[in-house]
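For reference, the structure is listed below as structure tokens.
The values are calculated or read from the model by the stated rules, or taken from the named source; none is laboratory data. All figures in this text were calculated on a predicted structure; none of them were measured in a lab. Here the Cβ positions follow ideal geometry from the backbone for every residue, glycine too, while neighbour counts run over all protein chains shown.
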Amino acid sequence: MNADLIIAGAGPAGLFAAIQAAANNENKKIIIMEKNASAGKKLLISGSGQCNLTHAGNIADFFDHYGENYNFLMGPLYTFDNHQLLQFFKDRGIKFRKARGGKIFPESNKASDILNVLLKETKAREIKIIYNTPIENVNYKNKSFEIKSSNKIYTSKYFLLAAGGKSFPKTGSTGDGFQIASSLGHNIIEPQPALAPVIIKDYQFKMLSGISLRNKNISLWRNGNLVKSWNDDLLLTHQGLSGPGIINYSRYMEEGDIIKIKLLKYSREELENNLLKKIEREGKLNLLNLLIKYPLAQRLIEKILEIADIDGSQNAAHLTKQERKEIIEIFLSLEFEIKKLADFNQSMVTKGGIDLSEINPQTMESRIISNFFAAGEVLDIDGDTGGYNLQAAFSTAFLAGAELAQRL
């Protein structure tokens, strides 16, 4: 079967690129090949099914949220920014709300509303989506792409890869796009889980799963050296640590690293003086009842005392100097050793993918093979939580689609 453009993947990047490519090209044949029985399976679970589409504010503030590869996104994000993305959907009847921290969701809280707009637009442009059609291999010869599925061979002058990464493989993201790009001569930066919780070695807080710690100082250490330090929220889980303060920084974490959490906003000297004053005034209280006056969950304090082997039922006045120093040390530097990052089943996005040096950031065209384009998570781009990854997918898809619209 011949086509003018074939796109691999009916996720947000593939669908949006197709819509842009079809502009003023009504007589051009555009086909989207999708391995699943339906489109946008991963989009439908984004934001817990509510679809955190993008983030509010100035697009210039986005670049701090993409790790080391933010430079590549300057062209895509400035060409098609968050306000333009929202306007595209507003023009098609979608209303939005801004949530805590600037996250943008559809007012309906339904990811399906976003997907339905994309599907309606593809249908209006007579873009054909072929479901249940995984790509087995792609060959490039005679300036044309030969794309083979299990029962048919498709040929096209232009080919756009938007097959996603490896995160949430149940949605169909199993790394197929990396294999296709590699077969076409592209270097693949090793795919790894990103935006992932961490599993902690010898974890002792399983029974405290669900306790959240707001705006804590978190630091990452490797071989005794500070790697990075930041402030954010985190969550104790049954296996380790999660929450934005862990997930957004998991791209920097490795097995064996130490995470230190400062539970209280005191210097060591300040906390020691404060604790001594509390003991002086209320030394008849048992130790636990004295310590719960600090803004920490009682169950967490109980666990800390258990780990330190300190009797919380004793009068606070009986606390020894060594015990006091141990409590201060834990409150100011609670340590966890990373056993590993959670796998692709729990990671929100994939770190790694097509080497960005091999893609033109102004058009999303390969620098290695003419007329081969890539967009979305198949590229070596991973952003923080908060709508940054979907924005990157739509922005890179817009550039690819706009370039293809001119060439078709």
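Quick notes
- Those residues of region 313-350 which are over 24 Å from residue 224 (Cα atoms), assigned to a loop (DSSP other than H, G, I, E, B) and of a type outside the set (Val, Ile, Thr), in sequence order: 313, 314, 319, 343, 344, 345, 346, 347, 348
- Hits in region 251-308 - residues which are more than 34 Å from the chain's Cα centre (by Cα) and within 27 Å of residue 340 (Cα to Cα): 305, 306, 308
- Residues of region 372-408 satisfying the condition of being of a type in the set (Gly, Ala, Ser), part of a helix (DSSP H, G or I) and buried (at least 24 other Cβ atoms within 10 Å of the Cβ): 376, 392, 393, 395, 397, 400, 401
- Residue 59 being modelled with pLDDT of 95 or more, within 30 Å of residue 250 (Cβ to Cβ) and either loosely packed, with under 15 Cβ neighbours inside 10 Å or in contact with a strand residue (DSSP E or B) (Cβ under 9 Å, 6 or more places away or on another chain) (or both): no
- Count - residues of region 220-239 that are β-branched (Val, Ile, Thr) and under 23 Å from residue 65 (Cα atoms): 1
- Qualifying residue in region 62-70 (condition: under 20 Å from residue 165 (Cβ atoms), surrounded by fewer than 14 Cβ atoms within 10 Å (Cβ to Cβ) and assigned by TED's automatic domain parsing to the domain that holds residue 148): yes
- Given (1) touching a residue at least 60 places away in the same chain (Cβ under 8 Å); (2) touching a helix residue (DSSP H, G or I) at 6+ places or on another chain (Cβ under 7 Å); (3) not acidic (Asp, Glu), index of the condition residue 363 fails: (1)
- The set of residues from region 98-120 being crowded, with 20+ Cβ neighbours inside 10 Å and either in a loop (DSSP other than H, G, I, E, B) or not hydrophobic (A, V, I, L, M, F, W, C) (or both) comprises just one member, 106.
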